[in-house]
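Novice: Pasting a structure here, questions to come.
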Amino acid sequence: MYLYNSLTRKKELFVPNHPELVKMYTCGPTVYHYAHIGNLRTYIMEDVLEKYLRYAGYKVKRVMNITDVGHLSSDGDTGEDKMLKGAKREHKTVMEIAKMYTDAFFEDCRKLNIKRPDVVEPATNCITDYIQIIETLLEKGYAYRAGGNVYFDTSKLERYFVFNDFNAEDLDVGVREGVEEDLNKRNKNDFVLWFTQSKFEDQALKWDSPWGVGYPGWHIECTAISLKHLGEDMDIHCGGIDNAFPHHTNEIAQSEAFLGHKWVNFWFHVLHLNTNSGKMSKSTGEFLTVSLLEKKGYDPLAYRFFCLQSHYRKNLVFSYENLDNAVLAYNKLIDKITALDPKADGAVDEEMLRELKQRFVKGMDADLNTSLAITALYDVLKAKTNDHTKLAAIADFDRVLGLNLLEAADAKRAAQPEEERDPEIEALLAARTAAKKEKNFAEADRIRDELKARGIEIIDTPHGPRWKRI
Ligand code: AMP
Ligand code: ZN
């Protein structure tokens, strides 16, 4: 598979460090609010990546953190902890909202067919791990203490801006509107590894440390949690594009300073879901959730389909009109699959199945081109082959796409009125459809007349023939 690597800004052939296991890490949600459908676009595309790696024959170990401490309202280390903000908003404790929003996040994932990572680790579980890494960074001279906090010293690195050629001036958080400059920092881009209570006295969760009672910075959690569960070499690190700077840039800085060698091979970043009025954001409180879509009558999997129709490296504009178009396409697809007959005579044509799979794989191997993979799905429906082969190909692709295609079609078939499932009439209808396909109209008409004589009228619909008693 060729996969775009944000680090090299190139599509590269994906080869894992260890042929038997792909090590994958995902930055998890900050659980101070519901996940919005933008966040979930990122998790859907990461899920597709994980499922495709498994489909391609790899074993995958995927780890995700849950940010329940240390993510401040500004990524430039200022403002208050988002968790505390959420707790105040809801008149609950920080741990109560962490639990509530973690559960809500996994419930959204379940509805969207996003597999739970093999390891899910809340940041508050790993305090001793952060302390150990920070101690080493201090010993190695990559960190310093100032004003009660511990900072990472970015001037000690040969290259700090690894993802892009940012101009340090542009990223000067000190001059950004509404962001206070932290005078303890030696360099503009230095970041906090450990905060002490001297800075935020009302912080709810605090732990003892060699530098005073306090709490970890946001970036150190992903370094420590991934090292703990995946070791020193990782294949793929994922996140939304906003994570590239400063979060992932800082993760790389501290991890490689700590390890003394390269850390992650591939950086997989998903571009944003925006609305016509701009970026969707949790902090403004104006955002769409899966529950809201459901209340409006949308099937969460239609949203998944909407995401899969476009490439993960392109911004995606959300509007109800765009979603409605995806719903129409998704329903039409399911109708076509419903018209296939799982009980028809015949067996899977293995050679044809291989050919159909090749088209799917070709799309997915091209930097996870899910829209090409969906085209491959339509190719299956148009293919000149029997229904068993088509159903086998759809089941195969859906292991990755996660659209519940066969289940949805089964449910539609089952919802048809009882009499429509009369096996004898169904068999005659299928024989008539086959005759029509072979342009044997005389036979098709004969079957129509035979049914008519029995008091049954055939109604041809875009979803295949239906029938009723006259
Ligand atoms: P958060 O819960 O804010 O830490 O974000 C969770 C994930 O969603 C991160 O990987 C973010 O990069 C990603 N993300 C945030 N906003 C968007 C958006 N509008 N579209 C897609 N992904 C997003
Ligand atoms: Zn992270």
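The values are calculated or read from the model by the stated rules, or taken from the named source; none is laboratory data. The shown structure was predicted, so the numbers you read here are calculated from the model rather than taken from an experiment. Cβ: placed from backbone, ideal geometry, glycine included. Neighbour counts: every protein chain shown. Keep in mind that these areas ignore ligands, DNA and RNA; they rest on the heavy atoms of the full protein, side chains included. Shrake-Rupley method; radii C 1.70, N 1.55, O 1.52, S 1.80 Å.
Novice: I need the per residue convex hull volume for the chain, using only the alpha carbons, in cubic angstrom as a whole number.
Specialist: Looking at the chain, the number lands at 157 Å³ per residue.
Novice: Per residue, how much accessible surface does region 290-411 expose to a 1.4 Å probe? Answer in Å², no decimals.
Specialist: Roughly 47 Å² per residue, with all protein chains present.
Novice: Would you mind checking K188/K262; K61/K262; K412/K468; K336/K437; K51/K296; K111/K332 for any pair whose Cα atoms are more than 26 angstrom apart?
Specialist: K51/K296
Novice: Quick one: which residues, 5 or more positions from M280 or on another chain, have an amide H under 5 Å from its amide H? H modelled 1.01 Å from N in the peptide plane, none for Pro or chain starts.
Specialist: Amide H to amide H, under 5 Å and 5 or more residues apart or across chains, M280 pairs with T275.
Novice: Here is a follow-up. Using the heavy atoms of the protein chains and a 1.4 angstrom probe, tell me the accessible area per residue for region 182-245 in square angstrom.
Specialist: Heavy-atom accessible area per residue stands at 35 Å².
Novice: Strictly greater than 26 Å: what percent of every Cα pair in region 20-171 meets that?
Specialist: 43
Novice: Can you give me the C-alpha center-to-center distance between region 54-72 and region 439-470, rounded to a whole angstrom?
Specialist: That distance is 54 Å.
Novice: Note the per residue figure in Å³ for the convex hull of the C-alpha positions in region 290-411.
Specialist: Spelled out: Cα convex hull of region 290-411, divided by residues, is 99 Å³.
Novice: Same structure again: Whole angstrom only: what separates the Cα centroid of region 316-358 from the Cα centroid of region 291-314?
Specialist: Region 316-358 and region 291-314 have Cα centres spaced 16 Å from each other.
Novice: How do K228, K282, K61, K384 stack up against each other in accessible area, from largest to smallest, with a 1.4 angstrom probe?
Specialist: K384, K228, K61, K282
Novice: Just the number, please: carbon plus sulfur as a percent of the accessible area of the chain, 1.4 Å probe, no ligands or DNA/RNA counted.
Specialist: 50
Novice: Please figure out what share of the DSSP beta bridges in the chain is antiparallel and state it in percent, rounded to the nearest 5.
Specialist: 50
Novice: Once you have the Cα-Cα distance between R116 and K140, take 0.36 nm times their residue separation minus that, and quote the gain in nm to one decimal.
Specialist: Using 0.36 nm per residue and subtracting the Cα-Cα distance, I get 5.0 nm.
Novice: Amide H neighbours of W194 under 5 Å, at least 5 residues apart or on other chains, H built in the peptide plane: list them.
Specialist: V150, G217
Novice: Here's a follow-up. Amide H neighbours of V31 under 5 Å, at least 5 residues apart or on other chains, H built in the peptide plane: list them.
Specialist: For V31, whose amide H was placed from the backbone, the distant partners under 5 Å are T67.
Novice: Okay, next question. In sequence order, what are the phi-derived ³J(HN,Hα) couplings for region 125-135 according to the Karplus relation 6.51 cos²θ - 1.76 cosθ + 1.60 with θ = phi - 60°, rounded to whole Hz, with x for glycine and proline?
Specialist: So the Karplus estimates, Gly and Pro as x, are 7, 10, 4, 5, 5, 5, 4, 4, 5, 5, 4 Hz.
Novice: Near R313, within a Cβ-to-Cβ distance under 11 Å, what is the net charge of the other residues, with Lys and Arg +1 and Asp and Glu -1?
Specialist: +1
Novice: Report, in degrees rounded to the nearest 10, the 0 to 90 angle that the Cα long axis of helix 441-453 makes with the longest principal axis of the chain.
Specialist: Orientation of helix 441-453: about 80 degrees from the principal axis.
Novice: Label-point separation (nm) for R9 and D449, each offset 7 Å from Cα along Cα-to-Cβ?
Specialist: 7.4
Novice: What FRET efficiency do you get for N184 and K262 if R0 is 22 Å and r is their Cβ-Cβ distance, rounded to the nearest 0.05?
Specialist: The pair N184/K262 has a calculated efficiency of 0.15.
Novice: Per-residue HN-Hα couplings for region 288-295, Karplus 6.51 cos²θ - 1.76 cosθ + 1.60 at θ = phi - 60°, whole Hz, x for Gly and Pro?
Specialist: Rounded to whole hertz, the list is 9, 10, 4, 4, 5, 4, 4, 4.
Novice: Nearest 10 degrees is fine. How inclined is helix 218-230 to the longest principal axis of the chain, computing both from alpha carbons?
Specialist: With both axes taken from Cα atoms, the answer is about 60 degrees.
Novice: Can you tell me the orientation of helix 249-259 relative to the chain, as the angle in degrees between its alpha-carbon axis and the longest Cα principal axis, to the nearest 10?
Specialist: Computed tilt is about 70 degrees.
Novice: Using the Karplus equation 6.51 cos²θ - 1.76 cosθ + 1.60 (θ = phi - 60°), what ³J(HN,Hα) coupling, rounded to whole Hz, does each residue of region 404-412 give in order, writing x for Gly and Pro?
Specialist: My calculation for region 404-412 gives 6, 5, 6, 4, 5, 5, 4, 5, 5 Hz in order.
Novice: If you scale each eigenvalue of the Cα gyration tensor by 5 and take the root, what three semi-axes come out for region 418-469, rounded to whole angstrom and sorted largest first?
Specialist: Equivalent-ellipsoid dimensions as semi-axes: 17, 13, 10 Å.
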